[in-house]
Every structure is written in C-alpha cells, then in structure tokens.
Amino acid sequence: VVDRLDPAARFERFPSRRALELRPPGATAKRDAFATLLRERRPALVVLIGDDRSDAEAFAVLRVARDAGNLRGLAVAVHTHPDVSPAVAAEADAMLASPRETARFLSGLARGLARAAAPARRPGRWG
C-alpha cells in the first residue's frame, strides 16, 4: 500500500511494531518537531496523546516545558497493544485503555471546549 501511495519513495520510512511512519526527507524526530512547535506557537495548554517511543520522547519535552512554567499540559499514553513500551507509560501523566477510549476522551474534551467557548446565556432571554 505504501509503495502505491509513494511510488517514488520520496518519504523516509520508519517502521515500528504495528505501523510504518512516513516522514519527509530530513524531517526531525517527533520530540524535536514538538519542541519547535512549542517554541513557535507558545500554547497555554497542550494535550499530547501517543503510544510509542517517539511519543514518549515528546512527552518528556512536554514535561520539561510544563515544569518550567511555560504551559499547562497533559501527556496521555494509549494502550494499543499488550507490550506498550514501558517508556511510554513512564513518561505519561495518564493512560487510556484503548483507541476507543481515546476517541471517547477526545469527544468529551471537544464537548467541554465547545461549552466553554459558547457565549453565556442571560436569564430570561431566548437565544
């Protein structure tokens, strides 16, 4: 499938246990890309979700930024297979049991953010 999608092999291939990550040539590791994103965008809040070693490295970047007081954030590991790297669990603040649970978590987060962004209703007024 990948060879059909990228027949010229323009993307570098990084195999993992159950996936094949494709990156543009010369792309940095996930932790470096995440650190750059934090520096450039300077978010106040970050929720980072992952399930492999490269995610664990990004979790560590998040922890350093959070400990420095640069942002608030949550690193969430997803238990996608029985032998999730111990490094992922060790670097995470929380663990979700499955991709399905992750979808429920993200749906709840989206609902909460939508409620928080909605204009407050005034008593006695129809809106």
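Things worth noting here:
- Counting only protein heavy atoms and a 1.4 Å probe, the chain has 73 square angstrom of accessible area per residue.
- Computed [θ] at 222 nm, helices only, for the chain once each DSSP H run of length n ≥ 4 contributes -39500 (n - 2.57): -13500 deg cm²/dmol
- Around the Cα centre of the chain, unit charges on the Cβ atoms of Lys, Arg, Asp and Glu (plus for the first two, minus for the last two) sum to a dipole of about 900 debye.
- Residues 59, 11, sorted by accessible area with the largest first, give 11, 59 [1.4 Å probe; ligands and nucleic acids excluded].
- Think of segment 59-104 as a dipole: +1 on every Lys or Arg Cβ, -1 on every Asp or Glu Cβ, centred on the Cα centre; then among 87, 73, 97, 73 lies furthest on the positive end.
- Helix axis angle, 30-41 relative to the chain longest principal axis, alpha carbon, degrees: 40 degrees
- Cβ-based charge dipole, segment 1-79, positive-most Cα from 37, 26, 2: 37
- 0 to 90° range, to nearest 10: angle between helix 99-117 axis and the chain longest Cα axis: 40 degrees
- Antiparallel %, DSSP beta bridges [both residues in segment 1-94], to 5: 35 percent
The values are calculated or read from the model by the stated rules, or taken from the named source; none is laboratory data. Because the structure is a prediction, the values reported are computed rather than measured. Cβ coordinates were reconstructed from backbone atoms using ideal geometry, including for glycine residues, and neighbour counts include every protein chain displayed. Note: areas computed on protein heavy atoms with side chains; ligands, DNA, RNA excluded. Shrake-Rupley method; radii C 1.70, N 1.55, O 1.52, S 1.80 Å.
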